1. Out of all the residues in region 63-77, which are exposed (fewer than 11 other Cβ atoms within 10 Å of the Cβ) and under 10 Å from the mean Cα position of the chain (by Cα)?
2. Residue 105: surrounded by fewer than 17 Cβ atoms within 10 Å (Cβ to Cβ), over 16 Å from the mean Cα position of the chain (by Cα) and under 19 Å from residue 32 (Cβ atoms), yes or no?
3. Restricting attention to region 25-54, and to residues there that are in contact (Cβ under 8 Å) with a residue 60 or more places away in the chain and more than 19 Å from residue 105 (Cα to Cα), which single residue is surrounded by the most Cβ atoms within 10 Å (Cβ to Cβ)?
4. Which pairs have Cβ atoms under 6 Å, sit 6 or more apart or on different chains, and link a residue in region 134-149 that is not assigned by TED's automatic domain parsing to the domain that holds residue 57 to one that is in a helix (DSSP H, G or I)?
5. Any residue at all in region 51-66 that's more than 15 Å from residue 100 (Cα to Cα), assigned to a loop (DSSP other than H, G, I, E, B), touching a helix residue (DSSP H, G or I) at 6+ places or on another chain (Cβ under 9 Å) and modelled with pLDDT under 90?
6. For region 133-147, what are the residues that are surrounded by 11 or more Cβ atoms within 10 Å (Cβ to Cβ) and either at pLDDT below 80 or in a loop (DSSP other than H, G, I, E, B) (or both)?
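The values are calculated or read from the model by the stated rules, or taken from the named source; none is laboratory data. In this text, all values refer to a predicted model and were calculated from it rather than measured experimentally. Here Cβ is always computed from backbone atoms with ideal geometry, including for glycine, and neighbour counts include all displayed protein chains.
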């Protein structure tokens, strides 16, 4: 059927309804109350206060990264992995987190559960080592220090002593010497 014309001879628009795409609603995000999770009282890992502050700063800066390193819980909701992240969230005043920040470890056997508690914390030698040349070429020093690396970690020798500290004179006579390694001290 040809389009209808109005008296002026112009084509009238048809009354065909144009289907609009549905408006995408924000995903309803299910949440987990931190109070429903239990820290592992036998967690074999601790954290120094300086490192804990770096962890809290990291979570404040990039909370969405917790999706990629979730808290892992067992069937009783005890935290198998992520006890320090849990503690940091609580200290930051967070009361609930998205469910995608929590992983279900309830299907682990008791032996797997025990191993996971240790392995999640990357024991020495199991977490790899940093390539300091790549770090030096790809990241700024301030960025690395802000992410928790220390001058010692990065092999940076601080030449300037703080006020009040005297430079060490290696030529001073010493009173003691270790018979095994030869280290001398006064």
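1. Scanning region 63-77 gives 64, 68.
2. Numbers: surrounded by fewer than 17 Cβ atoms within 10 Å (Cβ to Cβ): no; over 16 Å from the mean Cα position of the chain (by Cα): yes; under 19 Å from residue 32 (Cβ atoms): yes.
So residue 105 fails the test.
3. 54
4. As it stands, the answer is 148/54, since those pairs meet every condition given.
5. no
6. Hits for region 133-147 are 139, 146, 147.
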